[in-house]
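Step one of this worksheet: look at the structure below.
Only the coordinates and a few stated rules stand behind these numbers; no lab work does. As the structure is a prediction and not an experimental result, all values here were calculated from the model. Here the Cβ positions follow ideal geometry from the backbone for every residue, glycine too, while neighbour counts run over all protein chains shown.
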Amino acid sequence: MVVAWERVKRNRGSQTAGVDGETRKRIEQQGVENVLGELRQSLRDGSYVPLPVRERMIPKRGSGKVRRLGIPALRDRIVQMAAKLVLEPIFEADFCPTSYGFRPGRRAQDAIGEARQFINHGYEWVIEGDVEDCFGSIHQGLLMEQVRSRVTDKRVLALIQKFLAAGVMSELGTVTATLSGTPQGAILSPVLANVALSVLDRRFEAAWQAHDGPQRRARHRARGHATYRLVRYADDFLVLVAGTRAHAEAIKQQTAEFMAEQMRLTLSPEKTAITHVDDGFDFLGWRTKRWHRPGRAPVAITFPSDRALRDIMHRIKELTGRATTNLSLDQLIHALNPILRGWSNYHRHVAAKRCFGYLSYYLWWRVIRWLRKKYPRLTWKQIKRRCWGRKWTSKEGTRLYWPAEVPVTRYQYRGHQIPTPWTPTDPPHQATGEPSSA
């Protein structure tokens, strides 16, 4: 409980209250030891009952739809974090290596690196899959079956069931029961979602292991069959297929039927498509396609997607619009820098140098236009003298973060030898065969 509190309070969301109105400051005023003692006692005697989560509607980018975000009460977040600390190592022992989202030590770069490896080894068709309303559609009965297969403590099972049935308080103040799904935004939800989706991982893993070894897979393909591999990040996934488009269509149909029958989930018709690697596909904010080099073997390359670039440019445009001209240049730079730093660090392991250069060019002219709007009667020389210090910093010494100066480095492909916080110190055994696996 103490470790759970330390992690929850470090989260920026600890300043956001749930339905009870309590924030980190309120908990600290009441006395952290007292609050943790009350929670511990209520968990021991079984009287603990989580409050409904506070619902907020977040617009989805470009679709006009909204995403339901649940904000649990701070006390419930502490209990959920404590439960996660206990449950996560248990389920991690069984999760398949093809799952990358919301897992310790794993990154989006690992998922796209895995996809590139398979493309470089002849996998030409990609099924881009997305589970429709994943967090809100997970069947709670099937989820609890998966949890019970690894956890037998009835008190822990009852606690998880209480979280699932806590209910939702809408923005209008009405409380509704949650008959399906897990609240998106709750600390325990990503672990539970991975538990539910691990059924799909195991299905693809069994099909992969049925033809274990590169030679057996090559013979299987020589007989006119396809081999395929899943790469999943949360509810978004890729199925890379070595075969024909007809094979990919059949695998897509089988996957949709399996998810409907065994998991009660539906593939999003808008976001699920079959693409050839030469045409390219978008995944996790990157675009990946196979590049044919003259006189050399084709290779998969990855670069920031058009949508990712448009999103960051839109955020820069919002922050440098007329509505923010009441800020000082130093305040504007402090607002821009975290966004630019986060976006650049996320994309710095792909072919993003030209993209970074263009973004810096766009950023410079947006800031210049912002200053022109702020001081319409001053010349550029006067603006420069008034606002800019040496080396193009603000007068307070804050320098704008330039994406063009971020070094682009190759991400080290780690295959399936990705350590976790619970990995033994013994040397990892070496994977054999094709890339990570294949």
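Listed by chain and number, the aspartates and glutamates whose C-alpha is less than 16 Å from the C-alpha of residue 65, apart from same-chain residues fewer than 8 away, are 55, 130, 132, 133, 270. For the stretch 253-336, rounded, prolate or oblate, judged on the Cα gyration tensor with a ≥ b ≥ c (square roots of eigenvalues), a/c < 1.5 rounded, else prolate if a/b > b/c? Cα axes put the stretch 253-336 in the oblate bin. Volume of the convex hull of the stretch 323-432 (Cα atoms only), normalised per residue: 159 Å³. The convex hull around the C-alpha trace of the stretch 125-269, projected and averaged over every direction, spans 10.3 square nanometres.
When all alpha carbon pairs of the stretch 1-112 are counted in 5 Å bins from zero, the resulting P(r) reads 2, 10, 15, 18, 17, 16, 12, 7, 3, 0 %. Note that the stretch 202-349 carries a Kirkwood radius of 19.0 Å, evaluated over its alpha carbons pair by pair. Charges on Cβ only, +1 for Lys and Arg, -1 for Asp and Glu, centred on the Cα centroid of the chain; of 256, 129, 409, which one is farthest towards the dipole's positive end? Positive-end residue among those listed: 409. Summary of packing: across the peptides 217-228, 340-351, the per-residue average of other C-beta atoms within 10 Å ranks them, highest first, as 340-351, 217-228. Treating each Cα of the stretch 315-386 as an identical point scatterer and summing with the Debye formula, the log10 of I(q)/I(0) at q = 0.13, 0.17, 0.20, 0.23 Å⁻¹ comes to -0.43, -0.68, -0.87, -1.05. List the pair-distance distribution P(r) of the stretch 35-92, using every Cα-Cα distance, as the percent of pairs falling in each 10 Å bin from 0 up to the bin containing the longest distance, rounded to whole percents. The calculated distribution, bin by bin, is 19, 34, 28, 15, 4. Between rounded, prolate and oblate, where does the chain land on the alpha carbon gyration tensor, with a ≥ b ≥ c its root eigenvalues, rounded for a/c under 1.5, else prolate if a/b exceeds b/c? Judged from the Cα gyration tensor, the chain comes out oblate (a/c at least 1.5, b/c at or above a/b). Of all aspartates and glutamates in the structure, the ones whose alpha carbon falls short of 14 Å from that of residue 353, not counting any fewer than 8 places away in one chain, are 405. Rounded to two decimals, the Cα-based Rg/Rh of the stretch 93-207, with Kirkwood Rh, is 1.04.
Under the convention that each Lys and Arg Cβ holds +1 and each Asp and Glu Cβ holds -1, the size of the dipole of the stretch 218-330 around its Cα centre is about 560 debye. For the chain, the Cβ-based charge dipole about the Cα centre amounts to some 2720 debye (Lys, Arg positive; Asp, Glu negative; other atoms uncharged).
Listed by chain and number, the lysines whose alpha-carbon sits under 23 Å from that of residue 154, ignoring those within fewer than 8 places in the same chain, are 84, 162. Normalised by 2.2 N^0.38 Å, where N counts its residues, the alpha-carbon radius of gyration of the stretch 106-159 equals 1.77. Using the rule -39500 (n - 2.57) for each DSSP H run of four or more residues, divided by the residues of the chain, the 222 nm mean residue ellipticity is -14000 deg cm²/dmol. Comparing 235, 45, 133 in a Gaussian network model of the chain where C-alpha atoms under 10 Å apart are linked, the largest mean-square fluctuation is found at 45.
What is the Cα centroid distance between the stretch 35-86 and the stretch 167-219, reported in whole angstrom? That distance is 19 Å.
Roughly how compact is the stretch 274-313, stated as its Cα Rg over 2.2 N^0.38 Å to two decimals? Intermediate values should be presented prior to the final figure.
Working: Rg = 11.8 Å, N = 40, 2.2 N^0.38 = 8.9 Å.
That works out to 1.32 for the stretch 274-313.
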